[in-house]
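This report concerns only the one structure given below.
The values are calculated or read from the model by the stated rules, or taken from the named source; none is laboratory data. Remember, predicted model here, so these are calculated numbers, not experimental data. Note: ideal-geometry Cβ built from the backbone for every residue, glycine included; neighbour counts use all protein chains shown. To get the accessible areas, we keep the full protein, side chains included, count just its heavy atoms, and leave off ligands, DNA and RNA. Shrake-Rupley method; radii C 1.70, N 1.55, O 1.52, S 1.80 Å.
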Amino acid sequence: IGEDLATAVLHCKAMAAVQMVEKLYAHLTKRSIAPTETIIEDTPAYARPTASKVIKDKLKDPVAVEEKDKLTSTGYVQEAIDQHQMQLRQDRMNDRERYTHTSKHRMMTQRMLRVATRQVQHDDFKQPQIQFLKTVNVKPITDSMAQIKGSQRFSNGQAAPAATLSKGPATESERNQKVKSETSLSKQKSTVTSVMDSVLAEVLPSTDGKTVKMSDFVDEIAKKSSDEVKLVFQALVNSGLEEFVTLSVDHPKQFWKLSGLCCKALAGASEAGLDAVARFYFAFAESCGKHDAGDAAELFQDYLRPKLIILIKTLPARREILAEMLGAFCFRESHLLTVLRVLKEDLDTPLLLECFGYLSSRTDFKSKEIQDAYLFYVSLGLRSPSKNVRSHALLILANLCKDEPNLCLSMLDELKKALEDPWWGIRAGVVHVAFAAISSMEEDNKSFGTLMELLESTLKGAPPMVLRASIYWMSYCLPGNKRARSIFLAQWNAAPEDMKAQFCSSGSNGGDIAGFTSFPRRKACNVAQLVIEDLTDRKKQNLASLHVELLSASILNSSVLRSSDADLWISVLKSLGRYILVELADEERCEWARKILDNFFSEDGTRSSTISLLLKPQGAQEAPLFFGVLKMMYPGRPAKCQQTLHQFLADIVKKYPETYRDVYNLLKNFESTEKERFEMSNFKKLMESMQR
């Protein structure tokens, strides 16, 4: 055995140990054996190391570490770089479409190449004439980008303002035009700091005679109360969002300032203030995508994404919302692929699988390349000795099975092998995968029995932790088909009362990966939609206790952070509005119905739709829904129900001034049309106080 082979075995080189065993066998038995063939697997392009990864791995190589000569070590690294570049050149030749650059410059170059080349004539070889030019003084550019674009519009043939063309005295219209132009110019010169300072001056009271500035707010954001943070970011959404988008996308420095503000707020804000920061972030990202998706994605990759990755590493409790924020600026599939590649380089495997699990459930891009990337890490995670890594791999697989249910059948052996681990997170993850496939299958699919058998065997005799985690993960796949709804409702009915109480309690989620004490705040709408589907299927006129429990667990723990979330909750309110209002007349459920309505009123995205319950439907002759509640309440209903309704109307008028006129008109119509009922009610004092 030579020294080279022994060194290779000590350094764990590939196939070195096999070669040593073969040589020892041949030496001791005096027999020759065929050499072992090395099987080389073709690694997918998205899983191959980058140049920086190759250099890092080479520097960690034991041979390079032991080498003291810097020149020799440099040669090792250079050799690795050359091999990496050679591999890239080979990949570009084999797969040209993957490495085709589609930038504007490239497209312009291709367009230029299509033009026929002009033939060179004999006259073209004349001696050039030398011309002497005067010295040209170049004026430095001091205008902003908005001013330059404005001057280009005038130079392209658009009419200039009338004030610049008139020679006589300016008219009133010309003076108004001049004021508008000066106002627009002042807006162009505004910055993120100036807009933020004006918002702070309006929202936060001055301390010691000094107005709060953006720099002070950012430095001391951790010391601010959740109400102050909520007020500031809510004011930004309501007033300065369009201006923020224009400033940030057109001026990278302003985008950098705004990204610093958001990340500082995400790190320092409390849980109550975090929702307001997230609302601003998602609204800002959505507006940026409408303004200029390409430039916004590039600015995000340069300035905001590195900061979010640092927060993901340092804030474990907020990784889910941070991962969703990474996906908010992914307007195209190529943007998401870029984020996945960067995460692969910056995060270790457990944290990478966790982020991939959250991203796969928050993004809608399901191209072949993205699915292959996810599947690669699913297979990698399921073979990991870490329980958390395997649990996150199952989460990714479940999200893929929503669109490809047959994928669950192809990995049935791996799922059964995963069940050998009795840990509750693994068993609940397998239930999640099977339920995701069942919820998206067609009713007549023959494979339903196989998956149902897997689901029943996993849940049979399962401890409470597995059952609670399974119900939690099932909510990700709702409402699903009729079979999936019946399975979920059966598991909910089988749950003990204390577990249902934990789901219905409002508060922060706790637990490790799965088994949170309440439904996921972003998927709570799925549970409410399940209730709507079940009421439709069974043609129920009133809510059963099962429906009340599920609505408590979903609506009271909901979080409306995006405009798409608000649209879903508005559809839920329109479908369940009559059912909830009827419960105000029930002595046992009137307080519950009031909490549900208060929750819809508290959210800015759903408040206007909730106010519509007080109004007469547009273009219809029927009375408002709330008018029917007033007629039903008086007389004869319990005093507790009447007092709850009175207090509810008084509270919304006090909290939300925009409801004053609607509530007053509702009570006034009730007084004029149902005078006897009104005299029996306790609304007379409320109307007198509103008139004052």
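In order along segment 667-684, the phi-based Karplus estimate (6.51 cos²θ - 1.76 cosθ + 1.60, θ = phi - 60°) of 3J(HN,Hα) comes to 5, 5, 5, 5, 5, 6, 8, 10, 5, 5, 5, 5, 5, 7, 7, 10, 8, 5 Hz; Gly and Pro are listed as x.
Solvent-accessible surface of segment 388-514, taken per residue with a 1.4 Å probe and all protein chains present: 41 Å².
Each label point was placed 7 Å from the Cα along the Cα-to-Cβ direction; for Thr673 and Ser575 their separation is 2.9 nm.
Remark: spin-label model distance Ala650-Asp498 equals 3.9 nm, labels positioned 7 Å along the Cα→Cβ axis. Leaving out same-chain residues fewer than 8 places away, which aspartates and glutamates sit with a Cα under 13 Å from that of Lys366? Result set, ordered by chain and number: Glu333, Asp403, Glu404. When the listed pairs Lys539/Lys595; Lys60/Lys344; Lys13/Lys53; Lys253/Lys523; Lys53/Lys257; Lys58/Lys344 are checked against a 27 Å cut-off, the alpha-carbon distance exceeds it for Lys253/Lys523; Lys53/Lys257.
Going by the alpha-carbon gyration tensor, a ≥ b ≥ c the square roots of its eigenvalues, is segment 553-624 rounded (a/c under 1.5) or, if a/c is not under 1.5, prolate (a/b greater than b/c) versus oblate? Cα axes put segment 553-624 in the oblate bin. Centre-to-centre separation between the Cα atoms of segment 66-80 and those of segment 255-288: 46 Å. Thr193 contributes about 40 Å² of solvent-accessible surface, heavy atoms of the protein only, 1.4 Å probe. Taking all protein chains together, Leu400, Leu556 sort by accessible area into Leu556, Leu400, largest first [probe 1.4 Å].
Run through segment 609-659 and list the chymotrypsin sites (Phe, Trp or Tyr not before Pro) located in a DSSP loop whose Cβ has at most 10 other Cβ atoms within 10 Å. Qualifying residues, ordered by number: none.
The packing ranking, built from the mean of other Cβ atoms within 10 Å per residue, places the peptides 245-251, 277-283 in the order 277-283, 245-251, highest first. Computed with a 1.4 Å probe over protein heavy atoms only, the accessible area of Thr314 comes to about 90 Å². Accessible surface area normalised per residue over segment 189-330 is 43 Å², counting heavy atoms of protein chains with a 1.4 Å rolling probe. A cut-off under 13 angstrom between Cβ atoms defines the neighbours of Phe233, and their net charge, with Lys, Arg +1 and Asp, Glu -1, is 0. The heavy atoms of Ser391 offer some 10 square angstrom of accessible surface to a 1.4 angstrom probe.
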